[in-house]
Amino acid sequence: MVKERGFVSKSDNMHLEDGIYPGDPIRVEMDTEENEIQGPLNDLHGFTTDEGEGSNIVFSREAPLISSESRTSGGCCCSLKNLKSGVVATDSELAKDKFGQEKKLGRQDRMELGRLFQGAMSSHDWELAESLISLADRQTLNDALCITLDSIWFLSTQQELHGVTALIKKIIASGAYDFTRAALRTSFLASCVSACQSRTMSLADTVTVMAQRLHERLQECNGDEVLKAEASAKVQKFTEWALKCIGFHSRCQGNRDGVSHSSAVEIQFQLSAFKTFLDIAGNQLTGKDFTEAFDAACFPLTLFSSSFDPGWASGISATVIQGLLGLLVEGGADNVNQCFLEASRFGSTELVRILLQEERTEKIAQRNSLDVDVDLALGFASHYCKIGTMECLVEDGNAVAFLGPLMRAAERGCMQVVQWFVKRGCKDMDLCLALTAATSSSQVVVAAYLLPHVPQHVLAALSIEILKAAGERSGGSLDGVAYLLHSDFLSDPAATYAVADSIARSDDEAISPDLKAFLRENWSEAAYLEGLNQGKKHYMNLLRILKWGGSPICLRDLPGPLRVAIAYLPLYRECIKAGGCLLSQRLRGQLVEAVNRLGGEVLEEVSQGRELLAVLEHHLPPFLVHTVCTW
């Protein structure tokens with residue numbers, strides 16, 4: 001059983017800020033106001049299974065970016081002195097009012113401290129950063145922890161690793177406590193960094209591509225259009241923040257319009273810093289936190305997936321996200337299969353490939369018993385016609401359950417998916433069942449494609465069951481059944497007619513009444529006799545008109561071909577419209593009688609339908625003769 005799930009939750013105090021300006025360092029506004037991304041995303045993040053609830057994420061408020069001038073050492077010292085004075089004064093007042101009350105900075109002081117801390121981080125001034133920590137209240141420490149974790153995905157040297165890990169330890173030891181917010185935010189950012197490293201376009205173009213992909217994804221989901229628009233705006237806002245954060249750090253490293261590719265050693269530094277954070281946080285991070293962080297890491301990859309280079313998942317750019325996901329699973333994330341199904345549903349092939357690699361690792365498969373359901377994922381990918389993802393699931397994931405997806409594609413008339421499965425190789429019985437599904441839903445084009453691929457001995461053995469099943473699930477239209485019979489699906493006219501007659505005369509109550517009535521009126525032996533009788537009555541009516549008709553036009557004086565056209569053109573057109581190799585028994589009976597009256601030779605073979613039609617065409621004016629449709 002599968003259900004939709006949201007991407008965010010109101011339980012976390014992480015929120016988003018409107019004012020984010022590119023080109024400047026990033027600071028965090030020390031504000032507790034929440035701007036949550038909630039219900040509108042319920043349809044955004046794909047499918048999950050009943051075994052695990054969808055994880056939810058709310059992102060932190062990001063404030064405007066500061067100017068580069070504030071990063072100068074003189075400015076930092078001056079601001080630091082002012083801030084210290086303010087904190088001392090504030091602490092003194094607090095001490096007078098209430099002994100032992102926790103230190104709490106004002107909004108302006110928190111903003112100033114955030115600017116200074118970000119400047120110290122960007123210039124790798126670890127001593128200044130540590131001195132600022134001692135001035136922070138607990139809320140400011142939480143924000144500082146987020147800023148520090150943001151920087152780990154841009155580490156490039158051992159010295160930077162030591163500086164950042166020391167800061168993480170000091171911030172947590174000083175009282176930072178919001179590990180959930182920090183973990184979710186940095187997981188999301190790490191995913192964006194890893195994705196951007198695989199792209200050749202600029203970060204500015206990346207924002208546009210991301211916005212378009214998010215719009216397309218929301219369009220594929222059900223739900224209120226207003227809520228989806230709100231969800232799109234809020235998620236896009238935070239993703240844009242992540243990309244601007246990446247742009248800022250990239251410029252600090254000397255890359256003006258792109259993201260530098262981390263080496264294997266640098267990736268180890270980054271993952272080591274993240275693991276240090278997880279180790280210090282310990283049991284302060286719950287399994288639910290790890291699950292939501294895993295979700296946050298996967299989500300951006302589904303937005304970027306359409307522009308990934310082929311093979312990205314096996315390249316160096318994906319190494320960091322592979323390591324990140326592995327650490328999150330080790331910590332207790334239990335939604336690997338949920339994210340795997342969502343990635344398959346939205347055609348995020350490279351993420352599917354990464355999760356397949358993660359699932360095959362010993363620590364995940366054995367310690368956590370988190371198996372991904374490749375066959376169910378194949379069903380999702382095929383339902384939404386994600387051919388590239390289907391290829392990955394079969395070739396890399398060894399998905400083998402073709403029958404269900406093939407039948408559903410045939411039933412929907414999705415020729416591209418049906419052709420893909422047939423070319424991959426399907427069992428004879430699977431092809432037969434798919435043909436039945438296409439027939440029952442009157443998908444004539446798909447049925448025409450599948451019919452030649454089903455061996456004749458299978459069709460002969462199951463012919464009655466195929467027609468019965470198609471009639472039972474037809475939903476009121478029997479065009480698919482008519483197609484099989486007109487096309488002589490048994491490649492033996494006598495056998496095809498006999499099967500139809502057998503069902504028409506059957507007393508089996510399980511057979512659809514509509515199917516029995518259709519076959520009895522058109523394809524049974526009784527229908528053939530009725531056709532002959534109708535032909536005779538028609539001929540007698542023509543004679544009466546010729547003898548006693550009161551028309552001012554004397555039919556006897558018309559040329560022979562025109563008299564034949566007046567008599568049998570409606571029958572001829574009905575036969576042409578039916579198409580196929582075989583005519584229905586009712587039409588065949590009428591045609592036999594017509595040819596008899598025209599003096600043509602009629603044999604007893606049931607395969608003479610087209611030959612009989614040719615005799616009738618011979619007597620018609622040439623301008624009324626049509627090319628016969630043979631399906």
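The values are calculated or read from the model by the stated rules, or taken from the named source; none is laboratory data. These figures come from a predicted structure and were not determined experimentally. Cβ: placed from backbone, ideal geometry, glycine included. Neighbour counts: every protein chain shown. To get the accessible areas, we keep the full protein, side chains included, count just its heavy atoms, and leave off ligands, DNA and RNA. Shrake-Rupley method; radii C 1.70, N 1.55, O 1.52, S 1.80 Å.
Tally Lys/Arg at +1 and Asp/Glu at -1 over every other residue whose Cβ is under 12 Å from the Cβ of residue 402; what's the total?
Numbers: positive: 408, 423, 424, 427; negative: 375, 430.
Spelling it out: positives minus negatives among the neighbours equals +2.
All other residues whose Cβ lies under 13 angstrom from that of residue 464 are scored, Lys and Arg at +1 and Asp and Glu at -1, for a net of -1.
Residues 544, 213, sorted by accessible area with the largest first, give 544, 213 [1.4 Å probe; ligands and nucleic acids excluded].
Atom-type composition of the exposed protein surface of the stretch 427-522 places 53 percent of the accessible area on carbon and sulfur (1.4 angstrom probe).
The fraction of accessible area contributed by carbon and sulfur in the stretch 132-202 is 51 percent, rounded to a whole number (1.4 Å probe; ligands and nucleic acids excluded).
In the stretch 419-476, Cα pairs under 8 Å separated by at least six residues give a relative contact order of 43 percent.
Here the Karplus relation 6.51 cos²θ - 1.76 cosθ + 1.60, evaluated at θ = phi - 60°, turns the backbone of the stretch 517-534 into coupling constants of 5, 4, 5, 5, 7, 10, 10, 8, 4, 5, 5, 5, 5, 5, x, 4, 5, 5 Hz, with x for every Gly and Pro.
The listed residues 228, 386 rank as 386, 228 when sorted by accessible area, largest first, using a 1.4 Å probe.
Along the stretch 467-475 the Karplus relation, 6.51 cos²θ - 1.76 cosθ + 1.60 evaluated at θ = phi - 60°, assigns HN-Hα couplings of 5, 5, 5, 5, x, 5, 9, 6, x Hz to successive residues, with x for each Gly and Pro. Per-residue 3J(HN,Hα) values for the stretch 138-154, derived from phi via the Karplus relation 6.51 cos²θ - 1.76 cosθ + 1.60 with θ = phi - 60°, read 5, 5, 5, 4, 4, 5, 5, 4, 4, 4, 5, 5, 4, 6, 5, 7, 10 Hz in sequence order (x marks Gly and Pro). The residues of the stretch 464-531 present an accessible area of 44 Å² per residue when probed at 1.4 Å with all protein chains retained. The label point for residue 371 and the one for residue 169, both projected 7 Å from the Cα toward the Cβ, are 4.3 nm apart. Separation of the alpha carbons by more than 29 angstrom is noted, of 423/577; 169/244; 468/536, for 423/577; 468/536. With the simple spin-label model, which puts each label point 7 Å out from Cα in the Cβ direction, the residue 456 to residue 208 separation comes to 5.9 nm. Counting Lys +1, Arg +1, Asp -1, Glu -1, what net charge surrounds residue 446 among other residues with beta carbon under 12 Å of its beta carbon? Once all neighbours under 12 Å are counted, the net charge is +1.
The accessible area of residue 415, taken with all protein chains in place and a 1.4 Å probe, comes to roughly 50 Å².
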